[in-house]
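Take a look at the structure below.
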Amino acid sequence: MEFDEKLHLESCVTPETIAVAGDDRKCLTLALETLPPRFREVIVLRELEGYSYKEIAAIAAIPVGTVMSSLSRARRQLCFALANSERETHREM
Amino acid sequence: MKCDFGDFFLHSYFDGELSVGPAAEFDRHVLHCADCAEELVSLDFLRVRLQLAELHEPAPASLRRRIRVDLGFGAPPRVPACPPLLWHWLAAAATLLLIVIVGWRVNPEPSRDDYQAELAEEIVDAHLRSLQPGLMTGIASNDEHAVKGWFDGKVKFALPVRDFGNDGFTLQGGHLNIVEGRTMAALVYDQGGHLINVFIWPTREPDTSPRRGSRKGYQWVDWRRRKMEFCAVSDADPLELDRLHQLIAE
């Protein structure tokens, strides 16, 4: 009997997995909203839109050095916000 | 971030923004640095999580092209491939552990000479990095006092800053580097159009006579004197590097 990948993948999409994916999206959105606008801007342009440092610098009208420092600080703050939010979720459970 | 080297280069490396030489150096660094390997895993995880969450509708390709053209970037640049995914860093961490175990069993006490040669090769890579415009910051001056003053407060050791312009080695300035986790001062000289970086850092090892080598077409000469280690790197003639060594060591 051949392994039906399509059937297997479809069977992985359950109401539970959809709910979990939705929770994570909400968690990430809330965490992004805690960032200052400049940090949020560079994270979105880099991680979601895939622009290079030079392109981000041109779009945001900031030096490349500022893109680099903002990105490293934004990532750090985002990880911190996500960790806090996950701790709160576990406490509620 | 516990690693100074990672603090400086890690995010650029992760985003594929380092050029070939520094990226290759960071590849090698990750094999020896658990902190950086762990940080890369975290960044990778964050990126994957953000992308899978489908937080927004990505801009259509036509809009992205128009934005790039309007910004003056023309055709989309060749963005280097992102570093491999999570499994690569786990494999790197496992490889690191294996190397440490095998290295300890085969050679529990590595030779000091081997280590000196290996470090010199890392320094050649730092020299290459310093040649890239915009990547290094420092002081550009042929005034000994200005260059020495720039290093005050930045390094915890006394630097023998001298201009040897009368002997054909004109002081050009200086900058700071992190190599294998050590802070090194670098004095820059010009010898007939060839840039020479002299990397300097404190050591507890005894004095040594000069050791020479080459890597990627660049010559290096390394020596220790009075609790300081020096490594001069350049594409200049090796005899000229020897001359500079003699001038500095006097």
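The values are calculated or read from the model by the stated rules, or taken from the named source; none is laboratory data. The structure displayed is predicted, hence computed values, not measured ones. No Cβ is skipped: glycine too gets one built from the backbone with ideal geometry, and neighbour counts run over all protein chains shown. Please note that ligands, DNA and RNA were not included when accessible areas were found on the heavy atoms of the full protein model with its side chains. Shrake-Rupley method; radii C 1.70, N 1.55, O 1.52, S 1.80 Å.
Summary table below
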| item | result |
| --- | --- |
| Normalised per residue, the volume of the convex hull around the Cα set of segment A:36-93 (Å³) | 70 Å³ |
| Cα gyration tensor shape for segment B:177-246, rounded if a/c is under 1.5, else prolate or oblate | prolate |
| Volume of the Cα convex hull of segment B:162-205, divided per residue and given in Å³ | 88 Å³ |
| Per-residue average of Cβ from other chains inside 10 Å of A:48-61 | 5 |
| Average beta-carbon neighbours from other chains, 10 Å sphere, peptide B:41-53 | 4 |
| Probe 1.4 Å - accessible area at residue B:243, Å² to nearest ten | 90 Å² |
| Number of partner chain Cβ atoms within 10 Å, mean per residue of A:69-76 | 3 |
| Karplus (6.51, -1.76, 1.60) ³J(HN,Hα), θ = phi - 60°, over segment B:209-225, in Hz, Gly and Pro reported as x | 7, x, 10, 10, x, 8, 7, 6, x, 10, 9, 9, 9, 10, 8, 10, 7 |
| Three-way shape call for segment B:112-249 based on the alpha-carbon gyration tensor, with the a/c threshold at 1.5 | rounded |
